[in-house]
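Accompanying notes for the structure given below.
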Amino acid sequence: MNVDEQVSSYYDLLLKRNAGEPEFHQAVAEVLDSLKIVLEKDSHYGDYGLIQRLCEPERQLIFRVPWVDDNGDVQINRGFRVQFNSALGPYKGGLRFHPSVNLGIIKFLGFEQIFKNSLTGLPIGGGKGGSDFDPKGKSDAEVMRFCQSFMTELSRHIGEYRDVPAGDIGVGAREIGYLFGQYRRLVNQHESGVLTGKGLTWGGSLVRTEATGYGLVYLTQEMMAAHGESFSGSKVTVSGSGNVAIYAIEKAQELGATVIGFSDSSGWVECPDGVDVELLKEVKEVRRGRVADYVSEAEGATLHTDGSIWDKPCDVALPCATQNELDGEHAEHLFNNGCRFVAEGANMPSTADAIEVFREKGVHFAPGKAANAGGVATSALEMQQNATRDSWSFEYTDQRLHKIMSNIFRHTADAAAEYGREGDYVVGANIAGFKKVADAMLAQGVI
């Protein structure tokens, strides 16, 4: 059986065993496509069922989450935790609270997390979790009661040496606080290493809030430098206006870029003279408002409720909203309007068609598993501080983050070149992340 047939047989089996999970299928297909050239050159990675084991979670948890709303009515949500691979260390990955969450979404995110965490160079495995609970429109008391119920079950399966969750979409400082409080109550000890993204006064790390957005820009900066360009004087568009987008905007503008657009689910904002970051933080982080609230107060900003932010001419595009938000048609528009660099701040925001357009047109593209690894990298740094009962300065932690992101780009670029795909950062990230995990799995036996 040749490599193409071998990989096709793996994928066909995966489709049969994981029906109705298109995002998971998409994530696995992209990685397997990259691994064909690895299996051709280093056939031992096909031994001992390695690929099949890599694609099968070590553990999948689904549980009921009952809670009482402010009217006294009982509500039922579903909770998930997929502990995907622990060859490199304890499972590490965020919790997502959003109505779109289902098992397939969590498996796709957990699978991506394996390679992302591997690329950081830190001893952390891959996992992901969440619930179809929607925090939007809920009171603080309702969010607290939901989080307490969710953690009552999750607490049985996590720990600083077993599984360390963090935040993701819908899970910010408020939710992490409620989750940690309930965990501490249940286990009767202050085990600060069990969650990351904590408040600064009770075990949190400086830079954690900024980490994913800053890290995205640091890696994009490395990619641009490799091709003789920089953020200085560039025009940048950013989809989303959550945590990742806000701090990507902030760092890009610090480096001399003008961010000319950002968005949320209600539309996109055109900002010809750049984004007022402090106002955006006030609107989104303090008031929990919408982009329309920003436009009502920001001089020169315009709200568009039709079309796409990807129609706006730019030099650099940073998709930071959600999966599959940027398709092949959008990718064509970006190229035709002069975009030369795309880096993913969200998890898998570009469809396979979009990535193919970027390849064909020569648009330099950094996938999320490399470009948005700054969040989990800084979470791992938070784990180090918790383990040693230490606290690092903002400057020192930011330097560590910057170095990690620079190393990720270097390892990604080197892996692509080693396998004859120089400049293909999708292939490079998949291979570099895979080989470290695969070597650990082979060394540890069939488990």
Problem - Qualifying helices (runs of 4 or more DSSP H) (wholly inside the stretch 1-76; at least 3 residues being closer than 21 Å to residue 440 by Cα) - result: 22-41, 50-54
Problem - Residues located in the stretch 393-439, provided they are among the small types (Gly, Ala, Ser), over 29 Å from residue 228 (Cβ atoms) and buried (at least 17 other Cβ atoms within 10 Å of the Cβ) - result: 438
Practice task
Starting from residues that are more than 24 Å from the chain's Cα centre (by Cα) and not small (Gly, Ala, Ser), keep the ones in the stretch 147-178 and report whichever is surrounded by the fewest Cβ atoms within 10 Å (Cβ to Cβ).
Solution key: 156
Problem - Qualifying positions in the stretch 340-356 - surrounded by 23 or more Cβ atoms within 10 Å (Cβ to Cβ) and assigned to a helix (DSSP H, G or I) - result: 354
Problem - strands (runs of 3 or more DSSP E) within the stretch 191-280 that include 1 or more residues surrounded by fewer than 24 Cβ atoms within 10 Å (Cβ to Cβ) and touching a helix residue (DSSP H, G or I) at 6+ places or on another chain (Cβ under 8 Å) - result: 258-264, 267-270
Handout entry: Exclusive hit being modelled with pLDDT of 95 or more, of a type in the set (Gly, Ala, Ser), at positive phi and not in a loop (DSSP other than H, G, I, E, B), set 121, 126, 130
Key = 130
Completion exercise
Scanning the stretch 47-93 for residues that are closer than 27 Å to residue 141 by Cβ and under 23 Å from the mean Cα position of the chain (by Cα) gives 61, 62, 78, 79, 80, 81
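Please work out if residue 101 is within 30 Å of residue 160 (Cβ to Cβ), in contact with a helix residue (DSSP H, G or I) (Cβ under 6 Å, 6 or more places away or on another chain) and crowded, with 19+ Cβ neighbours inside 10 Å.
No: the conditions fail for residue 101.
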Exercise for the section: Return the residue satisfying two criteria in turn: it lies in the stretch 85-115 and is assigned to a strand (DSSP E or B) and aromatic (Phe, Trp, Tyr), and of such residues it is farthest from residue 438 (Cα to Cα). Expected result: 97
Problem - Residue pairs meeting the criteria (Cβ under 6 Å; at least 6 apart or on separate chains; first of a type in the set (Asp, Glu), in the stretch 130-142; second part of a loop (DSSP other than H, G, I, E, B)) - result: 132/99; 132/101; 134/99; 142/69; 142/70
Problem - Residue match in the stretch 375-390 (condition: buried (at least 23 other Cβ atoms within 10 Å of the Cβ) and of a type in the set (Asp, Glu)) - result: yes
Problem - Residue match in the stretch 159-179 (condition: free of Cβ contacts under 8 Å to residues at least 24 places away in the same chain, within 28 Å of residue 285 (Cα to Cα) and either of a type in the set (Lys, Arg) or not in a loop (DSSP other than H, G, I, E, B) (or both)) - result: yes
Practice task
Scan the stretch 31-56 residue by residue and report those that are buried (at least 19 other Cβ atoms within 10 Å of the Cβ) and closer than 22 Å to residue 104 by Cβ.
Solution key: 31, 32, 34, 35, 51, 54, 55
Completion exercise
residue 284 meets each of (1) of a type in the set (D, E, K, R); (2) out of contact with any Ser or Thr (no Cβ under 6 Å at 6 or more places or on another chain); (3) in a helix (DSSP H, G or I) with one exception, condition (2)
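The values are calculated or read from the model by the stated rules, or taken from the named source; none is laboratory data. Source: prediction; values computed, not measured. Neighbour counts run over all protein chains shown; Cβ positions are idealised from the backbone, glycine included.
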